[in-house]
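Scroll down for the structure; my scribbles are underneath it.
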Amino acid sequence: MFGLVSNLGRSGRLSAAEDRFRLLSNAWYDAAHPDPSTVDPAVHDLAVNAGAAAWFKATATHLLERVDGYPAVLRAHGIACETLRSTAPGRVVHEDDVQVVVVPRPL
């Protein structure tokens with residue numbers, strides 16, 4: 001959802017208020033948790049980890065508390081989104097204190 005909102009902003013499709021939210025919130029998240037790709041550049045490499053997605057851990061309440069604005073922006077632009085919770089979201093390719101990056105299991 002972070003990437004979707006950022007793509008809307010980069011393409012000029014957000015209102016001024018939505019873009020301000022995006023820039024400020026993205027900066028806060030960048031400072032509040034590690035970027036897995038700085039630890040392992042292959043984390044989001046499509047050839048290595050196709051479909052990899054980051055999930056915040058349930059214990060990362062300080063990160064989860066601030067997420068709601070992102071789905072609101074997406075819904076305002078007709079992009080459906082939903083909250084998912086899982087104890088086994090896929091094959092873990094990165095894990096730290098607040099998040100896991102996983103490749104989803106085949107259906």
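Rule-based calculations on the coordinates, nothing more; no lab input. Worth saying up front: this structure is predicted, and the values here are computed from it rather than measured. Cβ coordinates were reconstructed from backbone atoms using ideal geometry, including for glycine residues, and neighbour counts include every protein chain displayed.
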Using the count of nearby Cβ atoms within 10 Å as a rough guide to exposure, how do 97, 45, 19 rank from fewest to most? 97, 45, 19
Using only DSSP helix segments of four residues or longer, with each worth -39500 (n - 2.57), what per-residue ellipticity at 222 nm results for the chain after dividing by its residue count and rounding to 500? -11000 deg cm²/dmol
Along the Cα→Cβ direction, 7 angstrom out, place labels at residue 29 and residue 77. What is the inter-label distance in nm? 1.3
Could you give the dipole magnitude of the chain about its Cα centre, charging the beta-carbon of Lys and Arg +1 and that of Asp and Glu -1, in debye to the nearest 20? 360
Sum of side-chain charges, residue 98 neighbourhood, beta-carbon under 15 Å (Lys, Arg +1; Asp, Glu -1): -4
Per principal axis, descending, Cα span of the chain in whole Å: 38, 28, 25
Loop-located GluC sites (Glu not before Pro) in the range 1-87 whose Cβ has at most 16 other Cβ within 10 Å (DSSP): 65, 82
Where trypsin sites (Lys or Arg not before Pro) fall in DSSP loop in the range 4-84, at most 16 other Cβ within 10 Å: 13, 57, 66
Which of 32, 47, 58 moves most in a GNM of the chain, Cα contacts under 10 Å? 47
Mean separation of Cα contacts under 8 Å (6+ apart) over length of the range 64-107, as relative contact order %: 24
Over the range 2-103, relative contact order from alpha-carbon pairs under 8 Å, at least 6 apart, %: 29
Taking 0.36 nm per intervening residue step and subtracting the Cα-Cα distance, what contour gain separates residue 10 from residue 92 on full extension? 26.6 nm
Run the numbers for residue 48 and residue 60: contour at 0.36 nm per residue of separation, minus the present Cα-Cα distance, in nm. 1.6 nm
